[in-house]
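**Student:** A single structure is presented below for examination.
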Amino acid sequence: MESFVNALVSALTTGSLYAIMALGLTIIYGVSRVFNFGHGIVAVLSAYFTWLFLGQLNLGLLPSILLSLPIMALFGWLVYRYSINPLLHKPNWEFSTVLFMLGLGILLENVILQVLGPRVKSIPVFFAGSLSIGFVRIAWHEISLILIVVLALVALNVFFRHTRTGQAMRAVAQSIPGARVVGIDVERIFGYTFALAFAATGFSGILLGTKYYMTPHIGWDWMVKGFVIVTFGGLGSTTGAIYAALILGLVEALVTLYLGAIWVWPIWFAIFIVVLLLRPQGIAGGRM
Amino acid sequence: MLEVERLESFYGDMQVLRQVSLEVREREIVALFGPNGHGKSTLLKAVSGLQPATSGSIRLRGQEISRLPAHETVGMGLAYIPEERHLFPDMTVSENLNLGAYTPSAHGKKKENLEFVYDIFPRLAERRSQLCSTLSGGESRMVAIGRGLMSGASLLMVDEPSLGLAPGLKQGVFDAIATINRERGITILLVEQEIEHGLELADRIYLFKKGQILFERAAEEVNVEEIEQAYF
């Protein structure tokens, strides 16, 4: 019983991290229909930047994080402006953008490997110690992660509903001709979208880096999980992605508890296949 | 107000607009008639910047706009209301209308324009929190026109507003267009298949066939049969 409750708590943390991770993927797909095969490397890159600023430049934890995010946003905008945008104007863009992001991912993974080496790294936890309520033990850090994710999700929601740019992104996601007709510069919005998505994905990478060990290669794991989550939740739907992340976080925790950690990956893939076979549009199957 | 001079445009290798010249004067209602598929929508799209113009000139109040992209012409007082409507389906009526005022030039009069839209389309006021994907054909037409009005445009280019609507609704749409022109002094360039209604509304008409203007007439000097005959 005790371990079950602890597993639930762990599921909440994992689910929250997965939620913010999946959002970056959902945002790009929802607005531009580009499926970001560089999703994993963006998360990893951001975590490594934070680690670098922390360790090598001796900046504090918060400044390191706050510096990494705009860098990732800028990186996203540059990737869009100079690579994705030209590809979108050519035939077969669905395919060429996937290949490009995949290639970029492999390139960056190896750059990180060369520059920073293969040894595992991690980002320190935000708070030490843990809270005990009865038999439940939850680390303060995990509580902070959940709260941070909730705050981030609320902030994103406010952004999409109440800011001009956020509304423009939703407009572009729902109808590109409609967006043009009301005067939205669609290409510029795509650029902002990539910037926002890379920052969100990067943020998730940093958070994941505080809980799990980082290697240059771990991006692919995160990417695959991200794919399963957004497919399960419904491509392009932010609410779907959040629900899916929480559900899958729960599944993962329960599987680890009752079947053993070795079953985690097979179950993820099994879910992926089942969703694609039975309900490929996912839970929400809708749009932003 | 709008002068189109020898406009040409292509879809790939196919020429769609051939040396098209027309003009629309302030506060006028100009109707564009002609058989389907001959380029009337393309003409409107080219003027708004959604379709590239290969040669020729488009001047809005004297300013050359033929090479401008769509998002810039909206800011200059020109709104295009497509036949397909292109609403934002997962947003409410009021969110769609709100987005109509996206350009900075539309901000100032947003409240005033919104009141006007709800005034001429009371149905929209009732349905303001409804998602656009659930609206009927007539209602989504109203939203499309309303969204164009929200941009604060002084020239509205409306592409077949009555297409697919029941007769009662068709009249409503035409009445709304007449009100927009009369009460706000907004200039209208209208593409229509309803020749009778179009002639009633318009001050002048053009006949458009095979990518070119065939002729121009004052609305009172021409009747429905003449126009229908010109289609063939």
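Rule-based calculations on the coordinates, nothing more; no lab input. These numbers were taken from a predicted model, which means no experiment stands behind them. Note: ideal-geometry Cβ built from the backbone for every residue, glycine included; neighbour counts use all protein chains shown.
**Student:** B:E72 versus A:R164, label points 7 Å from Cα toward the beta carbon: distance in nm?
**Tutor:** Spacing of the two 7 Å Cα→Cβ label points: 1.8 nm.
**Student:** For the protein assembly as shown, what are Rg and Dmax over the alpha carbons, in angstrom?
**Tutor:** Using the Cα atoms of the protein assembly as shown, the pair Rg, Dmax is 27.7, 91 Å.
**Student:** Beyond 17 Å, what share of the Cα-Cα pairs of region A:167-259 is found? Please give it as a whole percent.
**Tutor:** In whole percent, the long-distance tail amounts to 64.
**Student:** Over the Cα atoms of region B:43-138, each weighted equally, I'd like the Debye log10 I(q)/I(0) at q = 0.13, 0.25 Å⁻¹, rounded to two decimals.
**Tutor:** Log-scaled intensity ratios, in q order: -0.55, -1.28.
**Student:** Can you tell me the FRET efficiency between A:N85 and B:S133 if r is taken as the Cβ-Cβ distance and R0 is 25 Å, rounded to the nearest 0.05?
**Tutor:** Once the sixth-power term is evaluated, E becomes 0.25.
**Student:** I've got another one for you. Quick one: angle between helix A:61-79 and the longest Cα principal axis of chain A, in degrees between 0 and 90, rounded to 10, please.
**Tutor:** The angle comes out near 30 degrees.
**Student:** Starting from the Kirkwood radius over alpha-carbon pairs of region A:1-97, derive D by Stokes-Einstein at 37 °C in a medium of 0.692 mPa s and give it in µm² s⁻¹.
**Tutor:** Rounded to a whole number, D works out at 208 µm²/s.
**Student:** In peptide A:167-176, what is the residue-averaged number of other protein chain Cβ atoms found within 10 Å of each Cβ?
**Tutor:** Details: counts 6, 2, 0, 5, 6, 1, 2, 9, 10, 1.
Taking the mean over all residues of the peptide, I get 4.
**Student:** Follow-up question, since we're still on this one. Report, as an integer, the average count of C-beta atoms from other chains found within 10 Å of each Cβ along B:83-96.
**Tutor:** Numbers: counts 0, 3, 4, 9, 4, 11, 5, 8, 8, 0, 0, 0, 4, 5.
Averaged over the peptide's residues, the number is 4.
**Student:** Next up: From the convex hull of the Cα coordinates of region A:2-217, what is the mean projected area in square nanometres?
**Tutor:** Working: hull surface 53.7 nm².
The orientation-averaged projected area of the Cα hull of region A:2-217 comes to 13.4 nm².
**Student:** To one decimal place, what Kirkwood hydrodynamic radius in Å is obtained for region B:102-232 from all pairs of distinct Cα atoms?
**Tutor:** 16.0
**Student:** Select from A:L208, A:A155, A:W263 the residue farthest towards the positive end of the dipole of chain A; place +1 on Cβ of Lys and Arg, -1 on Cβ of Asp and Glu, and compute about the Cα centre.
**Tutor:** A:A155
**Student:** Under a 10 Å cutoff between Cα atoms, tell me which one of B:S133, B:S57, B:S162 has the largest fluctuation in the Gaussian network model of chain B.
**Tutor:** Highest fluctuation of the listed residues: B:S133.
**Student:** Two decimals is fine: what is log10 I(q)/I(0) at q = 0.13, 0.19, 0.26 Å⁻¹ for region B:2-89, from a Debye sum with one equal scatterer on every Cα and no solvent?
**Tutor:** At q = 0.13, 0.19, 0.26 Å⁻¹ the computed log10 ratios are -0.41, -0.90, -1.57.
**Student:** For the pairs B:K110/B:K170; A:K90/B:K109; B:K40/B:K170, flag any whose C-alpha to C-alpha distance is greater than 29 Å.
**Tutor:** On the way: B:K110/B:K170 27 Å; A:K90/B:K109 40 Å; B:K40/B:K170 20 Å.
Exceeds cut-off: A:K90/B:K109.
**Student:** Sorted by average packing, counted as other Cβ atoms within 10 angstrom per residue and highest first, what order do B:43-52, B:115-124, A:108-117 take?
**Tutor:** B:43-52, B:115-124, A:108-117
**Student:** Relative to a virtual label point 7 Å from the Cα of A:L254 in the Cα→beta-carbon direction, which members of region A:1-41 show backbone nitrogen distances below 11 Å?
**Tutor:** A:8
**Student:** Please work out, to two decimal places, the log10 of the ratio I(q)/I(0) at q = 0.09, 0.11 Å⁻¹ from a Debye calculation in which every Cα of region B:2-230 carries one identical scatterer.
**Tutor:** -0.34, -0.52
**Student:** Hey, rough spin-label estimate for A:V111 and A:A270, points 7 angstrom out along Cα→Cβ, what's it come to in nanometres?
**Tutor:** Rounded to a tenth, the inter-label distance reads 4.0 nm.
**Student:** Quick check of the Kirkwood formula: for region A:52-93, what is the inverse mean of 1/r over all pairs of different Cα atoms, in Å? Don't jump to the answer; show the numbers that get you there.
**Tutor:** Working: mean 1/r = 0.0828 Å⁻¹.
The answer is 12.1 Å.
**Student:** Enter the angle in degrees (range 0 to 90, nearest 10) between the Cα long axis of helix B:167-184 and the first principal axis of the Cα atoms of chain B, meaning the one along which they spread out most.
**Tutor:** Long axis of B:167-184 versus the principal axis of chain B: about 90 degrees.
**Student:** Taking Cα atoms, how many degrees apart are the long axis of helix A:218-233 and the longest axis of chain A, rounded to 10 and kept between 0 and 90?
**Tutor:** The two axes meet at around 70 degrees.
**Student:** As I understand it, the dipole of the protein assembly as shown uses +1 on the Cβ of Lys and Arg and -1 on the Cβ of Asp and Glu, about the Cα centre. Which of A:V274, A:A179, B:G34 lies farthest toward its positive end?
**Tutor:** Of A:V274, A:A179, B:G34, it is A:V274.
**Student:** When the label point is put 7 Å from the Cα of A:R33 along its Cα-to-beta-carbon vector, which residues of region A:177-219 have a backbone N closer than 13 Å?
**Tutor:** What the label zone holds, given the 13 Å backbone N cut-off, is A:177-178.
**Student:** Using alpha-carbon positions, what is the distance between the centroids of region B:1-49 and region B:198-212, in Å?
**Tutor:** 11
**Student:** Within a Cβ distance under 14 Å of A:G15, other residues only, what is the Lys/Arg minus Asp/Glu net charge?
**Tutor:** Every neighbour counted, the sum reads 0.
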